[in-house]
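Notes to accompany the following structure.
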Amino acid sequence: GVPRCGASLHEPNKALRIELNANASCIWQIQRNANQTIRLIFSHFKFAPSSNCESESIKVFDGPSTDSPLLGRVCDDTDAVPVLESSSDSLTFLITTNPEAFTRNFFVYYYFFSPGSKTENCGGQLTGPNGTFSSPNYPAPYPQFRYCVWHIQAPKNSKINLQFQDFFLELDRNCQLDFTAVYDGPTTNSGLLGKVCGLAQPAFESSSNAMTVVLSTDDTNSYRGFSAQYSSDPLPGPMEPNTTFTCSSDSMRIVLSKSYLASLGFREADLQLNDPSCRPVVTDSVIFSFSLASCGTIKKDEGHSITYTNTISLAPAGNTIITRQRNTEIIAQCRMKNNETLGVIYTTTNNAIQNLAARGRYNVSMAFYESDLFSKPIQYSPYYVDLNQTLFAEVTLHSTDPNLQVFIDTCTASPQPDFGSLTYDLIRSGCNKDDTVVTYPAFGNHGRFKFRAFRFLRSFPSVYLQCDIVICDSNTTNSRCARGCISRQRRAISPYTWKTNTVVGPIRLKRDLRAAEHSESLTEVEAQKTPNLQQYNFYTLAFVVLISNILIVVAVTLKHH
């Protein structure tokens, strides 16, 4: 159900979908004479964009009222899936909101359980450089109301790579029913790497030798769960401070200091990439700058990401002893994953690794065009249009890799630039939701579609457009881009596909522009009229506001009178 504001709950388990507006202060009390503990899970929460912990929060109290001890607090910046457990058979939570006009959404469920019982016997400690684990009963359906936590501890100075070889959980839009959450550290208080559900093959990488994995299930649908394995790699050490690395969706730029190269016993004249013809520019530093599709760069499709790798070979400066002692290369990698590009550069010297990381975002833009030729972009903003006018939109990935394909997964219109509660779907999961939308066939690094502007511009003065873009390798036949429209019932796509978004706007009606221009001309005329006539026009214009569709006609009539 959707409770309005607070409730007293006595059921042994219950799921609540809560919607609250501004200035709310609502209390939910859970109590049952069961001599059991309550587990409360906030699997989805969306506060107002301007919120902070002082103005909006969820406070959970360990007892029957808000006077009980504070068990925990959930805010907009909470980087976890909050799970709280009572010490008795009662628990209370309070949700407060600030004055901002915004619809807040929460999904919370609770159930009673007995700590130490057989039903709680899952999860555990995993140590060593590699290992495997699976959900309870795998590959049979996992049981209901389970909360399993695996703590993975790899050797010191290493990082953990986690790969789910098989993964099938109940699917919903926000992974708020059954889900797996992965944390970048030894506890669930560490940073959240991701939350996933449905049918997928997600992969995660930690920043240290510790990782925590959680499986949470409710009482509805159960599937086969997951089978996972982890491995560990040496953790990179520090790189020379004067070495920099820039990684984007279309190029790499590596700057090496001469002093650092000299410390390795090498000269700048001895450097080359995979393609020996690609040489550096030498100034005060040694600079390699090249596109991802050149200089022998190697591309690897890893399913959940694309990695571009190139190697700088360092030849010794005429010293044969150093040649026998050193086998050094500088390896630069640029990985496109989720909503960003991740770069790492490291040197290998007798298997010793040093590293410098770089982080950027996909270079994606969106623009409107005059026609379906997509040759003349609209250069001005706001973009004024007529009712029922056809708008032509193009999304472009600025990349030098000709094999990357752009797929428009979702496009949403909203009168709010932050895309709050008022939205209108044009495209959702690759499916056209507005009957005027026409999507053009894939065209290289471009995604194109057209639609008619009348559905949402009638009611709002400005409208913004936001599109979620999926980026695929065109050589992969079963990629998200190749699957096209996927309904919610059939959707089984990993949320860790390469994905980004872009926003364009505002779009406004030309009639509003004409009304504004006419209003300015009326103001100039009014300044020259007598006081009595100005007073007469004041009442007349008030009448015009009520009948806005005949504003120009009434104004012209007044002028003649």
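The values are calculated or read from the model by the stated rules, or taken from the named source; none is laboratory data. These numbers were taken from a predicted model, which means no experiment stands behind them. Every residue, glycine as well, gets a Cβ built from its backbone with ideal geometry; the counts of neighbours run over all protein chains shown. Keep in mind that these areas ignore ligands, DNA and RNA; they rest on the heavy atoms of the full protein, side chains included. Shrake-Rupley method; radii C 1.70, N 1.55, O 1.52, S 1.80 Å.
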Strands (runs of 3 or more DSSP E) contained entirely in region 146-238, each with at least 3 residues that are open to solvent by less than 10 Å² (accessible area, probe 1.4 Å) and farther than 26 Å from Phe106 by Cβ: 158-168, 225-234
Count of region 364-384 residues which are in a strand (DSSP E or B), surrounded by fewer than 16 Cβ atoms within 10 Å (Cβ to Cβ) and either assigned by the TED database to the domain that holds Ile298 or touching a residue at least 40 places away in the same chain (Cβ under 8 Å) (or both): 1
Residue within region 66-78 that is under 24 Å from Arg4 (Cβ atoms), in contact (Cβ under 8 Å) with a residue 24 or more places away in the chain, in contact with a strand residue (DSSP E or B) (Cβ under 9 Å, 6 or more places away or on another chain) and surrounded by fewer than 16 Cβ atoms within 10 Å (Cβ to Cβ) present: yes
Residue in region 222-229 that is of a type in the set (D, E, K, R) and at pLDDT 90 or above present: yes
Residues (of a type in the set (D, E, K, R) and either in contact with a strand residue (DSSP E or B) (Cβ under 6 Å, 6 or more places away or on another chain) or open to solvent by 30 Å² or more (accessible area, probe 1.4 Å) (or both)) located in region 401-458: Asp409, Asp418, Asp425, Arg428, Lys433, Asp434, Asp435, Arg448, Lys450, Arg452, Arg455, Arg458
Residues of region 385-405 that turn out to be in a strand (DSSP E or B), in contact (Cβ under 8 Å) with a residue 60 or more places away in the chain and within 18 Å of Val503 (Cβ to Cβ), as a count: 5
